[in-house]
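Readers should treat all values here as calculations from the given coordinates under stated rules, not as data from a laboratory. Bear in mind that the values here come from a model prediction, so they are computed numbers and not experimental data. Every residue, glycine among them, receives a Cβ derived from its backbone with ideal geometry; neighbour counts consider all protein chains shown.
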Amino acid sequence: MSAEELSPALLGRLPSEVRKPGYDRATLKPGIAHIGVGAFHRCHQAEYTDDLLAKDFGHWGLVGINIRPPLLTDTLGRQDGLYTRLIRQNDELEARVVGSIVRVVDSQESAAPALEVLASPEIEMVTMTVTEKGYCHIPSSGALDLGHPDIVHDLSNPETPRSVPGILARALELRMLAQGRPVTLLSCDNIPSNGIILGNVVRAFAKRRGGKLADWIEANVAFPSAMVDRIAPATTEADIDTVERRFGYRDGAVVVGERFRQWVIENRFAGRVPRWDLVGATFVDDVTPFEHLKMRVLNGAQTTLSYLGVLGGFEHTFETIADPLLARFVSRMLTEETLPTLMPVPGVAPAAYVEQSLSRLTNTAIRHRNHQIATDGSQKIVQRLLNPIRDRLAKGESIALLSVPVAGWMAYLIKASTRFGRGWQVSDPFADKIAAIADRIGSDSKALADSILAIDAVFDPSLTANATFRAHVIAGLDGLLSNDPMGFVGQVCAGPTDARLKQPSRSA
Ligand code: CS2
């Protein structure tokens, strides 16, 4: 007999070790809409909100909206929004049922269901995790990509939008026309200055539409930036089975995360705000130093380990960082090259932060696949690698280590091309373009690097004009495409990093 499914009726009968919502869900009213109810949201903002409701109950229930697959009605919807959040830290396992999501809305087929929620007066806060590419911005500049097919569609069909900027602009227009209540749009994605980019794309879209909308947005909408952090990989069947085996019930919406969590939010709101600061989030005037710290150190390390890990034959982050060479590489890269680019962060010792971040990545119970982190690298490397590289070059400092994962991203996509034997399946908006380059050029590393560096949506032309940067990327690509990519990483790691440019390039 299969186990009973998680439901409000089951809550009272769950094993005592499973923590339950500490408030009366039946009286909870929605006040927040969240777009993109994936593992990260369920492990982060929804958990903070659950904490807040237990501490200071108010009208801050969450309406979860998906505008892309998967369907929510099949999982969370069946369970009345309830799900289990597991914390896994090596051998430790801790379970909690989160109750902050009061309703789920599937809006994959049409934007109408999402618009109805976003425009309703009870919603005062809209949070989102729509992945980096959801913003339809040009990664190297942060501007709205007017050539993006969904943006082209939405500008011609503004009442039936498909893109996040188009949906938000339409929702704001409906708010303006119907009730005029202010709203805060809070990005929780790992893009640089996420509030500024979200504001850019929504305002740019609204301006193109003409009329009063752009002015209304100026007066009534806030776009705070935020730094969000918790490692929460995609849920697997094994996670679902763990809940059934250990706690005796079935939950199709389980999420697994590490113990560490952090949320730093810019104090810039358009109306009432859930007091997430009462339960561990921090409200600050400027998120930038926190954001640089997190994206350059933790995310920079993850991205580096993902590309070098795949090239070295490793499946997950924890296995990759258990490799002594790759552990040493990433630790040197962060300490010697990334750390000096960081702004002072109140209350944080940067070296200790690096150590803590690397230690988080060794957690053997968090099975974060290298291919998952490697996904959409074109949308990630600017903030994780290229911005610190640019800062170092401006000061004449070495980039011998930071340039290796940039070449790693290229090698990862090149090796997925037909000409290179389709080493693995990839997903990146620039994957086809890079596969076509690889198929055309073959194994000449310099020509490959030159063509990829010419993609100015990723590489700012002022960066690619830098001869040191180009030389390092070419040498890196040459080494990583060779028969012994780990031997190359070993060479880079062996000596003082500045020595590397003097080594002859294989294809030169
Ligand atoms: C990861 C992030 O897949 C990825 O890009 O680097 O999801 C990362 O785990 C989170 O940002 C951690 O807070």
Distribution of pairwise C-alpha distances over the chain, 10 Å bins, in %
4, 19, 28, 26, 17, 6, 1
Give me GLU17, GLU173 ranked fewest to most by other Cβ atoms within 10 Å of their Cβ, as a rough exposure proxy.
GLU17, GLU173
Contour excess over end-to-end distance, with Cα ends at ALA465 and THR236 and 0.36 nm allotted per residue
78.1 nm
Which semi-axis lengths, in whole Å and largest first, follow from the square roots of five times the eigenvalues of the Cα gyration tensor of the stretch 385-467?
25, 12, 11
Under the √(5λ) rule applied to the eigenvalues of the Cα gyration tensor, what semi-axes describe the equivalent ellipsoid of the stretch 12-71? Give them in Å, descending.
21, 16, 10
Neighbouring Cβ atoms within 10 Å as the yardstick, rank THR468, THR364 fewest first.
THR364, THR468
Given the options VAL273, VAL202, VAL243, identify the residue whose Cα lies farthest towards the positive end of the charge dipole of the chain (+1 on Cβ of Lys, Arg; -1 on Cβ of Asp, Glu).
VAL202
Quick one: work out the % antiparallel among DSSP beta bridges in the stretch 4-284, nearest 5.
30
Span per principal axis, largest first, for the Cα atoms of the stretch 27-122 (Å):
44, 31, 19
Once the Cα gyration tensor of the stretch 4-284 is found, what semi-axes does its equivalent ellipsoid get, as square roots of 5 times the eigenvalues, in whole Å, sorted largest first?
33, 19, 18
Can you work out the FRET efficiency for the pair LYS55 and ASP215, with r the C-beta to C-beta distance and R0 = 35 Å, to the nearest 0.05?
0.35
Starting from the Cα of GLN372, step 7 Å toward the Cβ, then list every residue of the stretch 78-108 with an amide N under 15 Å from that point.
85-90
Using distinct alpha-carbon pairs, which all enter the 1/r mean, Kirkwood radius of the stretch 104-163 in Å
13.1
With a sphere of radius 15 Å drawn around the Cβ of ARG328, what net charge do the other residues whose Cβ falls strictly inside it have (Lys, Arg +1; Asp, Glu -1)?
-3
For the stretch 288-494, diffusion coefficient by Stokes-Einstein and Kirkwood Rh (Cα), 25 °C, 0.890 mPa s, µm²/s:
145
Per residue Cα convex hull volume in Å³ - calculated over the stretch 217-313
178
Taking the Cα centre of the stretch 1-136 as origin, sum charge times position over the Cβ atoms of Lys and Arg (+1) and Asp and Glu (-1), and report the length of that vector in debye to the nearest 20.
40
